[in-house]
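**Student:** Pasting in a structure now, in structure tokens, and then I'll have a few things to ask.
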Amino acid sequence: MKIRVPRRLPALLLALPVLAQAWPYDAAAPLAEQCDSIDSVPMRQHVNYNEDIQPIWSTRCANCHVDWGKFPSADLDLNPPNSWFFLYNEHSSQDSALVRVVPNQPWSSLLFTKLNCEVVDVGVRMPRGRTPIPLNEQALVHDWILAGAPEAGDDTIFRARFEIRG
Ligand code: HEC
């Protein structure tokens, strides 16, 4: 008896690895598209959380995560002195697969992608309903996370990890 093999089968089998590589969905990589370039902002090697980062929250995230009415939006309290504890290695309240701040990894940090990109893993760009924060503040948040997202003070011990941007 003759077994009929579809003529295109070998070609299909050969194409499988190529198709698998082209598969666009990578579950491990956070989704972030239409992001602002911060290449033009000089890299900051010393970022102090209380002096440089907290003022961004206090100015730009008011009413929702700072000085909110009843509960902070998305259970994210950015008031001093709580804010660092709500960010560092904390999982998103909306999707437990996501982490708000992954030390040393701005691109894996939901916080940074939500400040830097129009299309993000969950929800909308922050600050919600307002204009994006200035590039130099986006870059500060980036550099702080890259430095290991230290709670306070100097990041000198992390400086070896810095690479020149751009
Ligand atoms: C007008 C209200 C509003 C403002 C202002 C605002 N947020 Fe949000 N934020 C929300 C809401 C509502 C959510 C939940 C929905 C979403 O993720 O889009 C949220 C979610 C988030 C999340 C995800 C939290 C999680 O656990 O999933 C982060 C991070 C965040 N905001 C950061 C900020 C930062 C930083 C600022 C200031 C620069 C800011 N937001 C300003 C309302 C606001």
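The values are calculated or read from the model by the stated rules, or taken from the named source; none is laboratory data. Predicted, not measured: the structure shown is a model, and the values here were computed from it. Every residue, glycine as well, gets a Cβ built from its backbone with ideal geometry; the counts of neighbours run over all protein chains shown. Each accessible area value is taken on the protein alone, full model and side chains, heavy atoms only, with ligands, DNA and RNA left out. Shrake-Rupley method; radii C 1.70, N 1.55, O 1.52, S 1.80 Å.
**Student:** What does the charge count around residue 85 come to, taking other residues whose C-beta lies under 9 Å from its C-beta (Lys +1, Arg +1, Asp -1, Glu -1)?
**Tutor:** -3
**Student:** Relative to the present Cα-Cα distance, how much length would full extension add between residue 37 and residue 118 at 0.36 nm per residue of separation?
**Tutor:** Extending this stretch completely gives an extra 27.9 nm.
**Student:** Indicate the gyration tensor shape class of region 85-145 (rounded, prolate or oblate), computed on the Cα atoms with a ≥ b ≥ c the square roots of the eigenvalues: a/c under 1.5 is rounded; otherwise a/b larger than b/c is prolate and the rest oblate.
**Tutor:** oblate
**Student:** What's the carbon and sulfur percent of region 32-161's accessible surface, probe 1.4 angstrom, rounded to a whole number?
**Tutor:** Percent of accessible area from carbon and sulfur atoms in region 32-161: 51.
**Student:** Just the number please: accessible area per residue for region 32-161, 1.4 Å probe, all protein chains included, in Å².
**Tutor:** Dividing the accessible area of region 32-161 by its residue count gives 51 Å².
**Student:** Quick one, what does Rg over Rh come out to for region 32-161 if you take C-alpha atoms and the Kirkwood Rh?
**Tutor:** 0.93
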